[in-house]
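The block underneath contains the structure these notes are about, expressed in structure tokens.
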Amino acid sequence: MPPDQPTDYPPLAPVLSVADAQKALRCYSTAFGAEELYHLVDPATGRWAHLEIRLPDGPLLLLEEESPDQPSVSGMSSLRPRVRLCLFVSDADALTARCVSAGMAVLQPLKTHFHGHRCALLRDPDGHEWMISQPVERLKPSEMQARWDRR
């Protein structure tokens, strides 16, 4: 069990809606090396209603979706927003392989782009998109634009 400590939050912390917080924890632990900070259990259902994990550089909050037998707090549970998170890493190939082994689907395979980053786009089991991005060249915006124009 993780230590019972308050979370140190950055100015902005992403929050994802997931169908199964325990499954998401397993996926993100395998793919990204995430560690559980804590989880809260809904006493009425026994579900993990709230889970906080730490990626290597900060927290990520996961909320289980409202169950069909409970009224929607937002009134919009079926209109879940699409979320894309970008992780800047030093080895996109290795992380992409870990993500695939954790059950993520490849939407765009790894490739080095005109803007100087080696990127892949993946979708996790809850439908969130993860851009894995490894800077391989440090380019000025004008250089990126010139490369884009030549494509």
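Every number here is computed from the coordinates shown, using simple stated rules; none is lab data. None of the values given here were measured: they were computed from a predicted structure. As a convention, Cβ positions derive from the backbone with ideal geometry for all residues, glycine included, and neighbour counts pool all protein chains shown.
Go ahead and run the numbers for FRET between Asp93 and Met144, Cβ-Cβ distance against an R0 of 25 Å, rounding to 0.05.
0.65
How large is ³J(HN,Hα) for each residue in segment 109-123, as worked out from phi by the Karplus curve 6.51 cos²θ - 1.76 cosθ + 1.60 (θ = phi - 60°), to whole Hz, x for Gly and Pro?
x, 4, 7, 8, 9, 4, 7, x, 10, 8, 10, 9, 10, 10, 10
Restrict the search to segment 76-151; then list the GluC sites (Glu not before Pro) that DSSP places in a loop and that have at most 15 other Cβ atoms within 10 Å of their Cβ.
Sites meeting the loop and neighbour criteria: Glu137.
Check which residues have an amide H placed less than 5 Å from Leu16's amide H, if you skip close sequence neighbours.
Leu61, Leu62, Leu63
Kindly give the semi-axes, whole Å and largest first, of the ellipsoid equivalent to segment 82-151, taking each as the square root of 5 times a Cα gyration tensor eigenvalue.
Equivalent ellipsoid of segment 82-151: 25, 12, 10 Å, largest first.
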